[in-house]
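Below you'll find the structure, written out as structure tokens, and then a few comments.
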Amino acid sequence: MSGIAERRVKLSDQAYDALRRMIVRGELAPATRLSEPDLTDQLGIGRTPLREALLLLAREGLIHLQPQSGSFVSAIDIERVREAQFIREHLECGIIRQVAARVDRHGLGDIRRLLEQQDEACDEPDRFYDLDEDLHATFCRIAGRPGVWRLIQQSKMHMDRVRRLSLPMADQIPRLIGQHRAILDALGQGDPDRAETALRVHLREVFATIDTLGLDTTAR
């Protein structure tokens, strides 16, 4: 691959990462029209890598392309959210059992420190979101399966949109921290069954959020 082609790939990757982050975090709301001139200026790239990024986002269902009209942020696809939750629950429940079997005092200390930082971020949804990600990545690291976390990240974008919407809800962050503490307590006792049960409760919180926010209109 030539140097120019490699640079273009890197620029398209950077644009994809930036736009995906803005969509997941709600900075680009559903139905927002994506202006190519504005985005090229904002991201500091040309139209070719931007369009490559938009095509990838469209394949993943985060945006939709309308001929003659442009690109628009997609509505949250609840079926994709449910699929992502299914994948995540099954992978992470296997991970947490391995964590319970092998975690040492250093690993427990890392988890406790993250929960302390989460307590401090109760009024900072963006910071809490990042710390939540760090906690689940730490589970995979302690289990010796960092690649599983990368796989989970790739599959959970639609679920993350709902998670991010939930954080400003009253008492949501303290509730999530309480669920994290239940997982930590079980890990501290070396109890894989209780750790798995606590994690399942935590990962199914997204379904309550869907109901609370009225996102699933299929039954209406």
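The values are calculated or read from the model by the stated rules, or taken from the named source; none is laboratory data. Note that the structure is predicted; figures quoted are calculated from it, not measured. Methodologically, a virtual Cβ is constructed for each residue, glycine included, from the backbone with ideal geometry; neighbour enumeration extends over all protein chains shown.
Check the range 113-124 and report whether any residue there is assigned by TED's automatic domain parsing to the domain that holds PHE207 and on the phi > 0 side of the Ramachandran plot.
Looking only at the range 113-124, we keep the residues that are assigned by TED's automatic domain parsing to the domain that holds PHE207, and these are 113-124.
If we keep only those that are on the phi > 0 side of the Ramachandran plot too, we end up with none.
No.
Criterion first (outside any helix (DSSP H, G or I) and either surrounded by 14 or more Cβ atoms within 10 Å (Cβ to Cβ) or in contact (Cβ under 8 Å) with a residue 24 or more places away in the chain (or both)) does CYS122 satisfy it? First the steps, then the outcome.
Values: outside any helix (DSSP H, G or I): yes; either surrounded by 14 or more Cβ atoms within 10 Å (Cβ to Cβ) or in contact (Cβ under 8 Å) with a residue 24 or more places away in the chain (or both): yes.
Criteria met by CYS122.
If you go through the range 20-35, how many residues are of a type in the set (Val, Ile, Thr) and assigned to a loop (DSSP other than H, G, I, E, B)? Explain how you work it out, then say what you get.
Step one: of the range 20-35, the residues of a type in the set (Val, Ile, Thr) are 23-24, 32.
Subset that is assigned to a loop (DSSP other than H, G, I, E, B): 32.
Here the count works out to 1.
In this structure, does SER35 turn out to be in contact (Cβ under 8 Å) with a residue 24 or more places away in the chain, out of contact with any Leu (no Cβ under 9 Å at 6 or more places or on another chain) and of a type in the set (S, T, N, Q)?
Values: in contact (Cβ under 8 Å) with a residue 24 or more places away in the chain: yes; out of contact with any Leu (no Cβ under 9 Å at 6 or more places or on another chain): yes; of a type in the set (S, T, N, Q): yes.
Yes: the conditions hold for SER35.
Only one residue in GLY26, GLY44, GLY61 is of a type outside the set (Phe, Trp, Tyr) and over 22 Å from the mean Cα position of the chain (by Cα), so which one is that?
Details: GLY26 fails: over 22 Å from the mean Cα position of the chain (by Cα); GLY61 fails: over 22 Å from the mean Cα position of the chain (by Cα).
From the options GLY26, GLY44, GLY61, the qualifying one is GLY44.
Determine which member of the set ALA101, ALA53, ALA84 is surrounded by fewer than 19 Cβ atoms within 10 Å (Cβ to Cβ) and either small (Gly, Ala, Ser) or not in a helix (DSSP H, G or I) (or both). Break it down stepwise before answering.
On the way: ALA53 fails: surrounded by fewer than 19 Cβ atoms within 10 Å (Cβ to Cβ); ALA84 fails: surrounded by fewer than 19 Cβ atoms within 10 Å (Cβ to Cβ).
Among ALA101, ALA53, ALA84, only ALA101 is surrounded by fewer than 19 Cβ atoms within 10 Å (Cβ to Cβ) and either small (Gly, Ala, Ser) or not in a helix (DSSP H, G or I) (or both).
Across the range 172-199, what is the total count of residues that are surrounded by 13 or more Cβ atoms within 10 Å (Cβ to Cβ) and either within 17 Å of VAL162 (Cβ to Cβ) or of a type in the set (Asp, Glu) (or both)?
Matching residues across the range 172-199 total 8.
The rows are residues; the columns are (1) outside the structural domain of LEU167 (by TED's automatic domain parsing); (2) small (Gly, Ala, Ser); (3) modelled with pLDDT of 95 or more; (4) on the phi < 0 side of the Ramachandran plot.
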position	(1), (2), (3), (4)
ARG7	yes, no, no, yes
TYR16	yes, no, no, yes
ARG25	yes, no, no, yes
GLY44	yes, yes, no, no
THR48	yes, no, no, yes
LEU56	yes, no, no, yes
SER69	yes, yes, no, yes
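Kindly evaluate ARG150 against the criterion of being exposed (fewer than 15 other Cβ atoms within 10 Å of the Cβ), of a type outside the set (Asp, Glu) and in a helix (DSSP H, G or I). Give the derivation first.
Values: exposed (fewer than 15 other Cβ atoms within 10 Å of the Cβ): yes; of a type outside the set (Asp, Glu): yes; in a helix (DSSP H, G or I): yes.
Yes, satisfied.
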